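The values are calculated or read from the model by the stated rules, or taken from the named source; none is laboratory data. Predicted, not measured: the structure shown is a model, and the values here were computed from it. Ideal geometry is used to build each Cβ from the backbone, glycine not excepted, and the neighbour counts take in all protein chains shown. Accessible surface is based on the protein model in full, side chains and every heavy atom, while ligands, DNA and RNA are left aside. Shrake-Rupley method; radii C 1.70, N 1.55, O 1.52, S 1.80 Å.
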Amino acid sequence: MHTSLQNRNITKQIKISTMPQENLSDIKIQEQKIKDNTQLSIWEALIPVVILMSLLAYNIFLKDGAWLGDYSNQYILLMGGGVAMIVGLFNKVSIGVMIKEVIENLKSVYKPIIILMLVGALAGTWLVSGIIPAMVYYGLQVLSPEIFLPASVIIAAIISIATGSSWTTSATVGIALVGIGTALGINPGMIAGAVISGAYFGDKMSPLSDTTNLAPAMAGTDLFTHIKYMAYTTVPTIIITLIVFSILSMTIETSGEADISTLLQTINATFNTTGWLFLVPLLVIGLIVLKINPLISLATGVVSAAIFAVIFQSEILNELFSSGGLIGMLWTILLIASAMVFGGVMDGIGALARITKALLKMASSVFGLFATTVVSCFGLNVIASDQYLALVIPGKMFKKAYQDKDLAPENLSRTLEDSGTVTSVLIPWNTCGAYQSDVLGVGVGEYFMFAIFNWLSPFMTLIFAAFRIKIRMLGKAKQA
């Protein structure tokens, strides 16, 4: 999701080692560690979660998100991590073990943070060079309000399938689509929801996506079986999404032709809107499609845009240093770091594994197992703030339970993606939610209800499970 896999296959690697505490085991899967603390009760594991959720709710609903200043959510996540650390000490987990896990979590997001910094620079250079204004200028003349939202879904889906990355999609065409749609007078939340819906559909279905490779690796099936089986739930979901956005496009009120005409004149007077500017985004997308390292691809986009700014927009070049691209990403970077601290301590004390195991005990039926998987994936996106953990932990914990109920592994891999991959963007402090809201300039609360594909996907997988549609069985049992 954050980046595409670069010429390598994901293989499952499981190592179990005994930590200094006899009750604490360390399971290493694909560089993600899951710690299981047998002495930790479910109630103790839930204490940090309940406190964190309560403080976040107080901050959001009663203090308008500014209880502790501009960085309230970051402070609250660190406070939640402090509570988790106290619970760990009470259960005789050493500070060293917890700090080590926090460091591992922070190391795991260094690449997304570098990408965020590059995206900040990309946004600034693409604006000043005239690339984004040119996209808006020509887009306003091609995309009418009547087709804009479904067209945004389709465009984002195509780019995401080609690149295997929802992050890259949002950082390129996503920014332009938000600019075009806003100029047309369309609600930014609707536009962001359409972009995110298309981007995550493409991300799920692309063989280049890291999460699309990770899910079947965890469940024990192969990549293309996973993609084929996932299409059963994913295609109906995207069709419904397109229908809803088509209806919205036909019913929304826009700002009218006069405002668009004025905006076109303003853009044309301010920037040199030549078609040559499109060479930069085409170059970046081409590099990513060719599986060039995303960091190199984005850096190329930044340098190329800076050169084009000198060539085509030299009179406004000074704005490049006041666009706030990199500085604007600081809030998001600190949010991701704070979330990794909380998630790292929770994992270090064994709370994540304890909560997942408690949920697994509640699954007595086939539908109950699917529902428990969905709840676990979404819950881990909330409390661990990382979509990889939302795939890895349930994938490891539930694999045997699916086998015991004679369910083929692609049932698990599909459910992991339908509920883990796509819901990460719906959580403001999750790495994906923080990234998308910052890059697109639209808060999670604004686009949540319009990210139709993302919140509909878990319900779709549960409907298929409830009615036994395309539930493949192992052994001699026939597909229901």
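A few remarks follow.
- Which listed residue is assigned to a helix (DSSP H, G or I) and in contact with a Cys (Cβ under 7 Å, 6 or more places away or on another chain), from 416, 412, 389, 380: 416
- Only residues that are open to solvent by 30 Å² or more (accessible area, probe 1.4 Å), in contact (Cβ under 8 Å) with a residue 24 or more places away in the chain and in a helix (DSSP H, G or I) were counted across the stretch 426-447, and they come to 2.
- Test: residue in the stretch 33-53 that is at pLDDT 85 or above, in contact with a Pro (Cβ under 7 Å, 6 or more places away or on another chain) and in a helix (DSSP H, G or I): no
- The conditions of being open to solvent by 80 Å² or more (accessible area, probe 1.4 Å), modelled with pLDDT of 90 or more and either closer than 19 Å to residue 339 by Cβ or β-branched (Val, Ile, Thr) (or both) are met by residue 86.
- For the stretch 88-195, the helices (runs of 4 or more DSSP H) that sit wholly inside it and include 2 or more residues that are of a type in the set (Phe, Trp, Tyr) are 110-128, 131-142.
- Only a single item in (1) closer than 30 Å to residue 40 by Cα; (2) at pLDDT below 80 is not met by residue 111, and it is number (1).
- Some residue of the stretch 172-181 being in contact with a His (Cβ under 9 Å, 6 or more places away or on another chain) and modelled with pLDDT under 90: no
- Note on the stretch 68-96: residues that are without any contact (Cβ under 8 Å) to a residue 24 or more places away in the chain and in contact with a Phe, Trp or Tyr (Cβ under 7 Å, 6 or more places away or on another chain) amount to 1.
- In the stretch 197-205 there is at least one residue that is among the aliphatic types (A, V, I, L, M) and open to solvent by 10 Å² or more (accessible area, probe 1.4 Å).
- Taken as a whole, the condition of being touching a residue at least 40 places away in the same chain (Cβ under 8 Å) and open to solvent by less than 10 Å² (accessible area, probe 1.4 Å) applies to residue 345.
- Among the candidates 173, 178, residue that is closer than 17 Å to residue 301 by Cβ and open to solvent by 10 Å² or more (accessible area, probe 1.4 Å): 173
- Exclusive hit being closer than 20 Å to residue 446 by Cα and buried (at least 23 other Cβ atoms within 10 Å of the Cβ), set 160, 166: 166
- Of all the numbered requirements in (1) closer than 29 Å to residue 456 by Cβ; (2) part of a helix (DSSP H, G or I); (3) among the hydrophobic types (A, V, I, L, M, F, W, C), residue 363 misses one, and that requirement is (2).
- Residue check for residue 94: at pLDDT 80 or above, surrounded by fewer than 23 Cβ atoms within 10 Å (Cβ to Cβ) and of a type in the set (S, T, N, Q): yes
- Condition met for residue 403 (open to solvent by less than 10 Å² (accessible area, probe 1.4 Å) and not in a loop (DSSP other than H, G, I, E, B)): no
- Taking the listed residues 459, 464, 453, the one that is open to solvent by 30 Å² or more (accessible area, probe 1.4 Å) and part of a helix (DSSP H, G or I) is 459, with no other qualifying.
- A single entry from 108, 144, 129 fulfils the requirement of being farther than 19 Å from residue 436 by Cα, small (Gly, Ala, Ser) and either within 22 Å of the chain's Cα centre (by Cα) or surrounded by fewer than 22 Cβ atoms within 10 Å (Cβ to Cβ) (or both): 144.
- Among the residues of the stretch 66-81, those identified as of a type in the set (Gly, Ala, Ser) and either under 22 Å from the mean Cα position of the chain (by Cα) or surrounded by 19 or more Cβ atoms within 10 Å (Cβ to Cβ) (or both) are 72, 80, 81.
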